[in-house]
Amino acid sequence: MKNMDKARKWVQEGQRIVFFGGAGVSTASGIPDFRSATGLYNRKNQSNYSPEYMLSHEFSEDHPKEFQDYVKNELIFEEAKPNGAHFALTELEKRGQLSCVITQNIDSLHQKAGTKNVIEIHGNLRDYYCKECHKSFTIDYFMDHENPVHCDSCNGIIRPDVVLYGEALDQGKMSQGISQIASADVFIIGGTSLMVYPAAGLINYYRGEKMILINQDPTPLDHQANIAIYEDISKVLEQLVN
């Protein structure tokens with residue numbers, strides 16, 4: 001049986017499917033990934049700083065205006081719409097087969113497609129808060145004010161509720177993800193290079209024998225998958241679900 005046929009059979013019969021995805025899930029929606037030739041890390045920006053440094057806790061503290069400029073210009077895509085991968089996962093959830101989506105993405109496209117149970121291990125760009133008094137703000141407030149955007153209560157600087165380089169992941173969300181993966185009967189990994197830790201280490205908690213990896217390019221952990229498919233995930237997931 002071909003890989004696609006076998007993977008489709010597993011997905012059609014799965015009762016506790018968990019999906020773990022990265023930036024490649026959203027590239028068909030026009031949001032660049034990080035490490036590909038056209039990804040964020042290879043795009044020119046208006047500064048002399050590296051993208052990795054500009055997405056670090058240190059940079060956000062030392063250069064709040066430039067950090068906010070970068071977020072607004074390079075990370076926020078308010079017009080982006082979900083693609084076939086997002087909608088396929090929503091369909092699986094509606095059927096009662098999908099336990100949850102665990103995503104490294106901060107674009108909220110899974111929720112826009114209608115998926116309810118989403119664990120955002122790197123946070124999101126919907127929510128903002130003041131670094132001083134922790135008052136909550138919306139993306140509209142952030143986008144409508146001049147950088148650096150200040151809190152309207154204490155005048156502290158606000159920031160997106162995302163995990164930056166140099167910051168720890170939310171252990172509550174990680175524990176949720178581990179629990180879901182450990183109890184999954186089918187585990188689908190898609191659109192991720194599996195090079196960013198500790199997130200990539202989540203796949204080690206899967207105990208089953210139906211791990212499907214979908215990515216445009218090989219990853220360092222392909223040998224752990226039962227099936228590896230190197231194609232566009234937005235099309236592959238549609239085929240597996242429908």
Filtered residues of the range 194-203 (kept if out of contact with any helix residue (DSSP H, G or I) (no Cβ under 8 Å at 6 or more places or on another chain) and either more than 16 Å from Ala23 (Cβ to Cβ) or open to solvent by 30 Å² or more (accessible area, probe 1.4 Å) (or both)): Met195, Val196, Tyr197, Gly201
Residues of the range 99-118 being closer than 14 Å to Phe19 by Cβ, open to solvent by 10 Å² or more (accessible area, probe 1.4 Å) and among the hydrophobic types (A, V, I, L, M, F, W, C), which ones? Ala113, Val118
Do we have any residue at all in the range 38-48 that's within 21 Å of Ser108 (Cβ to Cβ) and at pLDDT below 95? yes
Residues of the range 221-235 satisfying the condition of being without any contact (Cβ under 8 Å) to a residue 24 or more places away in the chain and not in a loop (DSSP other than H, G, I, E, B): Asp222, His223, Gln224
Only residues that are open to solvent by less than 40 Å² (accessible area, probe 1.4 Å), assigned to a helix (DSSP H, G or I) and not polar (S, T, N, Q): list them for the range 5-30, please. Ala7, Trp10, Val11, Ala23, Gly24, Val25
Hey, can you tell me all the residues within the range 72-98 that are surrounded by 18 or more Cβ atoms within 10 Å (Cβ to Cβ) and touching a strand residue (DSSP E or B) at 6+ places or on another chain (Cβ under 6 Å)? Leu89, Leu92, Gln97, Leu98
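Yes/no matrix, rows are residues, columns are (1) of a type in the set (Val, Ile, Thr); (2) free of Cβ contacts under 8 Å to residues at least 40 places away in the same chain; (3) in a loop (DSSP other than H, G, I, E, B):
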position	(1), (2), (3)
Gly177	no, no, no
Gln180	no, no, no
Ile189	yes, no, no
Leu202	no, no, no
Gly208	no, yes, yes
Thr219	yes, yes, yes
Among the residues of the range 182-225, how many are among the hydroxyl-bearing types (Ser, Thr, Tyr) and at pLDDT 95 or above? 3
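The values are calculated or read from the model by the stated rules, or taken from the named source; none is laboratory data. All of these numbers come straight from a predicted model, not from anything done at the bench. Neighbour counts are summed over all protein chains in view; Cβ atoms, including those assigned to glycine, are modelled from backbone coordinates with ideal geometry. The accessibility values were calculated without ligands, DNA or RNA, using every heavy atom of the protein model including side chains. Shrake-Rupley method; radii C 1.70, N 1.55, O 1.52, S 1.80 Å.
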